[in-house]
Each structure stands twice: as C-alpha cells, then as structure tokens.
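The structure under discussion appears below in the form of structure tokens.
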Amino acid sequence: MKKVVVGIISSKTNPKKYLLASSKKDFGKYTGYYYPIGGHVDNGEDELTALKREIKEELSVNVTTAKKNHTIIRRR
C-alpha cells in the first residue's frame, strides 16, 4: 500500500483560509479541481519529510513549521 501525505496550509492572519492548488496536468475527470498540496511518501521517508519535499516541489516554498494533525487509513 502506498502512503500519501496532504498538507493543509492555512493563513496566519485568518486560519479559516486555506491554500489549494489546481493542476496544470490532465487528470481526466479530476482536471480543473482544486486540491491540497501533497503526494506519495517515498521508501524510507517519514511523512513530515515527504510533505516538506512535496511542498518544495509543487510550490518552491521551504516549510519551517509543521505538525501532524490526523491519520486516515483507507483499505480497498
């Protein structure tokens, strides 16, 4: 099972505002939707490191503060 991390990035001045991204790629029926930043956890990588890497790759932003909030396990 592949692990996926998702970052919910909120505004410091208004924590009810969140940063979402839309894709430049064609994702079929999901093209044009907005989604939180995230991606797959590489082998040997912990979740926080993976999330920081994904945010750097997608937004060119270095994460300085982060905390784990929730874990969801989905089995098929």
Problem set entry | Cleavage-rule hits (chymotrypsin sites (Phe, Trp or Tyr not before Pro)) in region 12-76: DSSP loop, at most 16 neighbouring Cβ within 10 angstrom | Phe27, Tyr33
Exercise. 222 nm [θ] for the chain, helices only, -39500 (n - 2.57) per DSSP H run of 4+, per residue, to 500?
Worked result: -5500 deg cm²/dmol
Problem set entry | Under 5 Å, built H, 5+ apart or other chain: amide partners of Val61 | Lys56
Exercise. Just the C-alpha atoms of the chain: what Rg/Rh do they give, with Rh taken as the Kirkwood radius?
Worked result: 0.97
Exercise. Short version: ³J(HN,Hα) in whole Hz for each residue of region 40-54, in order, from phi by Karplus 6.51 cos²θ - 1.76 cosθ + 1.60 (θ = phi - 60°), x for Gly and Pro, what are they?
Worked result: 7, 8, 6, 4, x, 9, 7, 4, 5, 4, 4, 5, 4, 5, 4
For this session: Roll a 1.4 Å probe over the protein chains and send me the accessible area per residue for the chain in Å².
Result: 93
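The values are calculated or read from the model by the stated rules, or taken from the named source; none is laboratory data. These figures come from a predicted structure and were not determined experimentally. Using ideal geometry, Cβ is built from the backbone for each residue, glycine included, and neighbour counts are taken over all protein chains shown. Just the protein is used for accessible areas: all its heavy atoms, side chains included, with ligands, DNA and RNA removed. Shrake-Rupley method; radii C 1.70, N 1.55, O 1.52, S 1.80 Å.
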